[in-house]
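Since the structure comes first, as structure tokens, the remarks are kept for the end.
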Amino acid sequence: MELPDSLLQVYKTRLYPYLARPKRDSLSGYRWEIAQKQGDTIYFGISRPARSLYKGRREGVVGRFLPADTGFTYYEELFWTYRFREDTLPIVMLRLLEKYQQGRWDTLALLACCVAFPDRETRYDTRTRRWMRAWPR
């Protein structure tokens, strides 16, 4: 389902505090790549400028949230991508999200090509809304 641009701007402003790297980014550098509504859940893919030796590189954050009047009732980052050319990144993000939604998510295989987080030692904590080191097994 398509979401109106005005609503996407509101959501991007709400998402920014969770996605921003301290003192390095501005909201204007963040770009919507994916915005899918499935029931009450909104799947998002937002890209941001990447620190890279090469121009035009961006990295992506893909996740989902349940919107509320003043924020989110649920928020989760599913994965972060590596740096890609800005014309390639949206395709990578969409294909990875499709694999996730279809249950064909193989973290180890995807780590080699595309996914920076999660990895074997890192997971997303939905309670604190940040990436954390997993406890030793």
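The values are calculated or read from the model by the stated rules, or taken from the named source; none is laboratory data. Everything numeric in this text was worked out from a predicted model, so none of it was measured. Methodologically, a virtual Cβ is constructed for each residue, glycine included, from the backbone with ideal geometry; neighbour enumeration extends over all protein chains shown.
Overview of results
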{"item": "Residues within region 73-91 that are over 16 Å from Gln36 (Cβ atoms) and surrounded by 15 or more Cβ atoms within 10 Å (Cβ to Cβ), tallied", "result": "7"}
{"item": "Residue in region 121-129 that is part of a loop (DSSP other than H, G, I, E, B), under 18 Å from Phe44 (Cβ atoms) and either in contact with a His (Cβ under 8 Å, 6 or more places away or on another chain) or not aromatic (Phe, Trp, Tyr) (or both) present", "result": "yes"}
{"item": "Top-ranked residue of region 5-25 - restricted to ones that are loosely packed, with under 11 Cβ neighbours inside 10 Å and either within 16 Å of Arg130 (Cβ to Cβ) or among the hydroxyl-bearing types (Ser, Thr, Tyr) (or both), ranked as modelled with the lowest pLDDT", "result": "Pro22"}
{"item": "Out of Arg130, Arg48, sole residue that is surrounded by fewer than 17 Cβ atoms within 10 Å (Cβ to Cβ), within 13 Å of the chain's Cα centre (by Cα) and not aromatic (Phe, Trp, Tyr)", "result": "Arg130"}
{"item": "Options Arg48, Arg58; residue that is in a strand (DSSP E or B), touching a Pro at 6+ places or on another chain (Cβ under 8 Å) and either more than 29 Å from Arg120 (Cα to Cα) or charged (D, E, K, R) (or both)", "result": "Arg58"}
{"item": "Qualifying residues in region 26-45 (those that are part of a loop (DSSP other than H, G, I, E, B) and modelled with pLDDT under 90) - the one nearest to Tyr11 (Cα to Cα)", "result": "Tyr30"}
{"item": "Residue, surrounded by the fewest Cβ atoms within 10 Å (Cβ to Cβ), within region 51-66, restricted to residues that are of a type outside the set (A, V, I, L, M, F, W, C) and either under 21 Å from Trp131 (Cα atoms) or within 11 Å of the chain's Cα centre (by Cα) (or both)", "result": "Arg51"}
